[in-house]
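The values are calculated or read from the model by the stated rules, or taken from the named source; none is laboratory data. As the structure is a computational prediction, the values presented were derived from the model and not from experiment. Note: ideal-geometry Cβ built from the backbone for every residue, glycine included; neighbour counts use all protein chains shown. These accessible areas exclude ligands, DNA and RNA; they are computed on the full protein's heavy atoms, side chains included. Shrake-Rupley method; radii C 1.70, N 1.55, O 1.52, S 1.80 Å.
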Amino acid sequence: MNIKDYTYYYFIGIGGIGMSALARYFKLMGKNVLGYDKTQTKLTEKLMEEGMPIHFTDNVENIPSEINKENTVVIYTPAVFKTHSELVYFQENGFNVFKRSEVLGLITKSTTCLAVAGTHGKTTTSSLLGHILKVADLKSTAFVGGIVENYNSNMIFNGDEISVVEADEFDRSFLRLSPDIACITSMDADHLDIYGEKEELEKSFKDFGNIVSQKLFVQKDIDIPNALKYAVEEEADYFADNIQLEDGFFTFDLTYPKGKINHIKMTLPGRHNIENAVAAIAMSMEIGVTEEQIKEALASFKGIKRRFSRHVAADGKVIIDDYAHHPTELNAIIRATKNFYPNKSILGIFQPHLFSRTRDFADDFAQSLSKLENLILIDIYPAREEPINGVTSDWLADKIEKINGTRPSVVSLDNAYDKILEHSTDIILLMGAGNIDILYEPLKTNFA
């Protein structure tokens, strides 16, 4: 089947970050896009403004009469319960019903696919790569897991000959893709509720590497045979060095097998983002992007919402909102903040994401967060999980106290704003993948 041959594209869970990017893609293809989501959000409001009818009550009577199994594809997120009445209706009545990852897989079969895999860095790397291809005016579409500031969208569209996708390891969905060129940014332990053991996660990444048809790039510490390596301040096939901070920009030089690009400018902070940039540059050069196009793109990239989003108040106070939710990511964002703002006091606010992740990495979380002298913990964001007995933010606070002798405050999200205002600090650093970001706008308003 050709996934682009239908008239209607009905999304169940259309408001998800990955689902909404697909919805926008088919809308730009001239298709009729509509669907359901449980909750009305800013993202669903934007989709409706873009011409996609959305309803928020699970009821088969909301399905338009013109939709039938011959003219419609149904796309759903696994986050939707199997008993969802609309999903059951479509399945029982012979419609073509696909998971989001399956549709993405079909799109990558008919395009030159550049896939970005890894437990960390996928969204930044794929966004940078999509922006580079857009600046180079290649006929490409990038599906990314965040809102790219340059486009105020989670999709960067300039044609449908090349696809840039985040290769998600969560439920092994990246094995449904057809990648021509790919990178693996990291293979740190995560999603152990799915994989059980780190070794099984690593095996899945290696399986992904085996389906890449042309060229695979991996971070230097990753052991996959025949892959090209990239690094920062270490020699590799592609590596960055001579890193400087100049007027709010990081600059670096890039050495690659055929030469060197001097003085690349980038506004994103942190060594980890330079590493992400090296991966994006390596992949883009593989399909013919020039050195000058790369430099233009990196200098003009404005970043991704919730990836070191910053507000600087009139008095110089800085509020940072970041999606970091794994110990490795916390280490990176804390280090980047301290490097970018040396000699400034920092108040960290962290909302753990998932009971299972908090349990599995509790000691690592404690080590990462103990690097902050001032810290507030918010109650764990459950997402798809039920509580686990004994796994709480208070439990994590006890572990942090054992390391540095200071116990962080533990509050609910409802009480976090007032608790933050009790502190006098130069930097307010919000961290977490749940709904902690609802504090960002009120804090920006308070410290205008």
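Residues that are hydroxyl-bearing (Ser, Thr, Tyr), farther than 30 Å from Met285 by Cβ and more than 23 Å from the chain's Cα centre (by Cα): does the stretch 86-109 have at least one? Scanning the stretch 86-109, I find at least one residue that is hydroxyl-bearing (Ser, Thr, Tyr), farther than 30 Å from Met285 by Cβ and more than 23 Å from the chain's Cα centre (by Cα), so the answer is yes.
If you scan the stretch 250-271, which residues turn out to be out of contact with any Phe, Trp or Tyr (no Cβ under 6 Å at 6 or more places or on another chain) and more than 23 Å from His120 (Cβ to Cβ)? Residues satisfying the conditions are Thr251, Asp253, Pro257, Lys258, Gly259, Lys260, Ile261, Asn262, His263. So Leu175 clears everything in (1) in a loop (DSSP other than H, G, I, E, B); (2) surrounded by fewer than 21 Cβ atoms within 10 Å (Cβ to Cβ) except one condition, right? Which one? Going through (1) in a loop (DSSP other than H, G, I, E, B); (2) surrounded by fewer than 21 Cβ atoms within 10 Å (Cβ to Cβ) one by one, Leu175 breaks only (1). Got at least one residue in the stretch 80-94 being touching a Leu at 6+ places or on another chain (Cβ under 8 Å), within 30 Å of Pro179 (Cβ to Cβ), open to solvent by less than 40 Å² (accessible area, probe 1.4 Å) and not acidic (Asp, Glu)? Yes, there is a match, as at least one residue in the stretch 80-94 is touching a Leu at 6+ places or on another chain (Cβ under 8 Å), within 30 Å of Pro179 (Cβ to Cβ), open to solvent by less than 40 Å² (accessible area, probe 1.4 Å) and not acidic (Asp, Glu). If you go through the stretch 27-58 and pick out every residue that is open to solvent by less than 60 Å² (accessible area, probe 1.4 Å), in a helix (DSSP H, G or I) and not polar (S, T, N, Q), you end up with 2. Scanning the stretch 204-259 for residues that are assigned to a strand (DSSP E or B) and of a type in the set (D, E, K, R), we see that the one that is least open to solvent (accessible area, probe 1.4 Å) is Asp253. Of the residues Asp253, Asp247, the single one that is touching a His at 6+ places or on another chain (Cβ under 8 Å) and free of Cβ contacts under 8 Å to residues at least 24 places away in the same chain is Asp253. Scanning the stretch 318-345 for residues that are charged (D, E, K, R) and either open to solvent by less than 10 Å² (accessible area, probe 1.4 Å) or under 15 Å from Gly434 (Cα atoms) (or both) turns up Asp321, Asp322, Glu329.
If you go through the stretch 11-28 and keep only what is among the aromatic types (Phe, Trp, Tyr) and under 22 Å from Asn158 (Cα atoms), you end up with Tyr25, Phe26. Exactly one residue out of Leu216, Leu245 is hydrophobic (A, V, I, L, M, F, W, C) and farther than 24 Å from Ser140 by Cβ, and it is Leu245.
Looking at the stretch 95-134, which of the residues that are open to solvent by less than 20 Å² (accessible area, probe 1.4 Å) and part of a loop (DSSP other than H, G, I, E, B) is modelled with the highest pLDDT? Residue satisfying both the conditions and the ranking: Thr111. Scanning the stretch 404-425 for residues that are under 13 Å from Ile438 (Cα atoms) and in contact with a helix residue (DSSP H, G or I) (Cβ under 9 Å, 6 or more places away or on another chain) yields Leu413, Ala416, Tyr417. Kindly check whether there is at least one residue in the stretch 176-184 that is free of Cβ contacts under 8 Å to residues at least 60 places away in the same chain and over 18 Å from Ala279 (Cα atoms). No, because not a single residue in the stretch 176-184 is free of Cβ contacts under 8 Å to residues at least 60 places away in the same chain and over 18 Å from Ala279 (Cα atoms). Residue check: Glu169 meets all listed conditions (1) part of a loop (DSSP other than H, G, I, E, B); (2) modelled with pLDDT of 90 or more; (3) crowded, with 19+ Cβ neighbours inside 10 Å but one, namely (2). Reported count of residues in the stretch 151-165, each being open to solvent by 10 Å² or more (accessible area, probe 1.4 Å) and touching a helix residue (DSSP H, G or I) at 6+ places or on another chain (Cβ under 6 Å), is 3.
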